[in-house]
Structures are given as C-alpha cells and as structure tokens.
Amino acid sequence: MRARNEQRVGLVNGFAAYGLWGLVPLFWPLLEPAGSVEILAHRMVWSLVVVGGALLVLRRWAWAGQLLRQPRRLALMSLAGTVISVNWGLYIWSVNSGHVVEASLGYFINPLVTIALGVLVLGERLRRAQWAAVGVALAAVLVLTVGYGRPPWISLTLACSFAGYGLIKKKVGLGGLESLAAETAVQFLPALVFLLWLGSRGESTFATEGVGHAALLASAGVVTAIPLVCFGAAAIRVPLSTLGLLQYLAPVFQFLLGVFYFHEAMPAERWAGFALVWLALMLLTWDALRNAHRTRAAAEILAVELAHRASATASGTPEAASACPPQATDPPATASSVTGT
C-alpha cells in the first residue's frame, strides 16, 4: 500500500512538473514590455534567490564545498550554466516573438538529439528501431525546412542545447535543487551586472512599470524552481520509463497553445513535418517499452533461477539446481509479474 501511495505521489508530481513546463508559454508574455534578455537576467537572479532559500531551509549546503574543491566538476557546472542560459534565453524570445509551435518542436525532438549525442559522444550503439526513429526525424527536419523556408533553427538550437545540458549534468551528478543553485550561481553576477547597467541607462522596466510588473519579474524564479522540485519528487518515485512518457506532456501542451491560443500558422508542410516527428517518437517509445519489458522479464527469470538454486543448495541437492533451470517459457508467474496483472 505504501509503495502504491508513493507511486501515486510521484505521478502527481510528474504531471505537475511537465504540465507546468507545458503551460509556461502563458507566463512569459505577461512580463512584457521587458525584453527577452532582461527577462532572462531576472530569471537567473531570482532563481538563485528562490533555490538558495530552499537549500537554506533544508540545510543542504555540504555539496557546495565539495564542488568548489573539484575544479573539473566546477568547470562542467559553469558550462552547464552557460548552455542552459542559451536555452532559456532563446525559449523566452521565441515565445514572445510568436514562435511557440517551433519552440515546442525543439522539445519533441530533444529525445532524438539525446540519442544522437549518446552515439557521437558516449559511443553508444543503437538498436534498429532507434536508427529508424533518427532517420524519420532527419526526414522531418527536411520537410520542416521546406515548410518554414529555412531550417527550423529555433527547434534545433533548443533541442541541442537542452540535450547537451542533460549530458553535462549527467557527468556532474548533482541533485536537482543543488544543480540549479550551482548553475544560477554561475549566472548570477553577469545577470545582476546587466540589470544594474540597464537600470543606469533608464531602460530597465523593473522599477518603471509598477509593483505588479516587478512582482511578475521576481516570480520568474518561482516559475523556474517549482517544476524542478516536482520533477525531483517524481524522479525518485516512478520508473524512468514512466517519466520518459510523461516528458511528452510539455511539448504537447506548448504545441496546443501555439496553435489554438496564440493562433500560429500551421500550413500543410508543417503538419507533415510534425507528423514525421511524432512517428519517430512513437518508434522510440515502442522500442523503449519493448526493451524495458525484455529487461524486466530477464531479471525475473534470473531471480527465479537463483532462488531455485539457493533452495536446492540449502536442501543438500545442488545437482537439482543445475538439472532443472527454469526456462523463459515455463512459469506464468514471470509474465504476470512483468505486466503487473
């Protein structure tokens, strides 16, 4: 019962995290007339304030000293902060410039770019379905290039920057709050200097557009931190395969907002390109679920075999364990435990 409750809490947090990320295009236009760079700078500054306050309450500071004593990890963390700054800034600009649909495409193709990075950087080997998904995605990019009259550079930059950010974070190995604190600490001083410079020129909107506008700019830190906290709560409670499916909620919501709320154009060529991307993602998801099923089945069979051998050894008849190893096709219990029925 407790495990079921934990999984339910994890699912609620997963839906909340990806749902909030999917609805964030509604927030950035509220910050106008601030420009994209000013919004980005405020997001950096206030994110550190919010996350630093959370870490102070939780008393989780030991990691900071360890990070400062490890130059390589510190350099990687600085690189992660730079890469996610590009991602954040471009996303804010694209939403406030009427490119919500193209931005959503970036997060649709992000898993495919992540796979490509795994091959190119980590030397991973792809299964046939994964190769097919990558091939379909490349065809989608060509179709979308025709549809937009140019390469979908917003989508590609968002996807590549976020995939690269994920790769760097994997190498650093910090938790969600700690990682965001380190990244925003890297961003904080340049962002603060920019905001002070903007204010000295009389071009800052923080103090000139009223208390409500200032509060909205400050709330960018909360908008950044809350989905990350929900994601962290989900990641420790639900399987990665479930998280992998939930991640598509964000670009789906963004796409729907772009088409039906912001009324962005979707000619036939773009529909065709998006259809190919969705086909690639279906191939990828099918392959991931099939592989996870096979892995669980193999683990169940191995566990039954080890238990059988241990029981035979304890009874003093180890030869029975080697004579009657369980077969993959034998026990119906294996199939039911894998499917959850």
Next on the checklist: Suppose the filter is without any contact (Cβ under 8 Å) to a residue 40 or more places away in the chain and open to solvent by less than 60 Å² (accessible area, probe 1.4 Å); does Leu177 pass it?
Outcome noted: no
Item to check | Tabulated pairs, segment 191-220, first aromatic (Phe, Trp, Tyr), second part of a helix (DSSP H, G or I) and open to solvent by less than 90 Å² (accessible area, probe 1.4 Å), C-beta under 6 angstrom, 6+ apart or interchain | outcome: Phe194/Ala41; Phe206/Ala214; Phe206/Leu217
Next on the checklist: Restricting to segment 25-51, count the residues that are more than 23 Å from Gly106 (Cβ to Cβ) and open to solvent by 20 Å² or more (accessible area, probe 1.4 Å).
Outcome noted: 5
Checklist entry - Is it the case that segment 217-227 has a residue that's farther than 30 Å from Glu6 by Cβ, among the hydrophobic types (A, V, I, L, M, F, W, C), in a helix (DSSP H, G or I) and touching a Lys or Arg at 6+ places or on another chain (Cβ under 6 Å)? => result yes
Checklist entry - Within the set of pairs 6+ apart or on separate chains, which have a first residue in segment 14-36 that is in a loop (DSSP other than H, G, I, E, B), a second that is surrounded by fewer than 22 Cβ atoms within 10 Å (Cβ to Cβ), and C-beta atoms under 8 Å apart? => result Phe27/Val223; Glu32/Asn96; Pro33/Thr205; Pro33/Glu209; Ala34/Thr205; Ala34/Phe206; Ala34/Glu209; Ala34/His213
Checklist entry - Just checking, which of Phe260, Phe255 is in a helix (DSSP H, G or I), under 30 Å from Asn96 (Cβ atoms) and open to solvent by 60 Å² or more (accessible area, probe 1.4 Å)? => result Phe260
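The values are calculated or read from the model by the stated rules, or taken from the named source; none is laboratory data. Computed from a predicted model, the values in this text were never measured in an experiment. Every residue, glycine among them, receives a Cβ derived from its backbone with ideal geometry; neighbour counts consider all protein chains shown. Heads up: the accessible areas ignore ligands, DNA and RNA and are worked out on the full protein's heavy atoms, side chains in. Shrake-Rupley method; radii C 1.70, N 1.55, O 1.52, S 1.80 Å.
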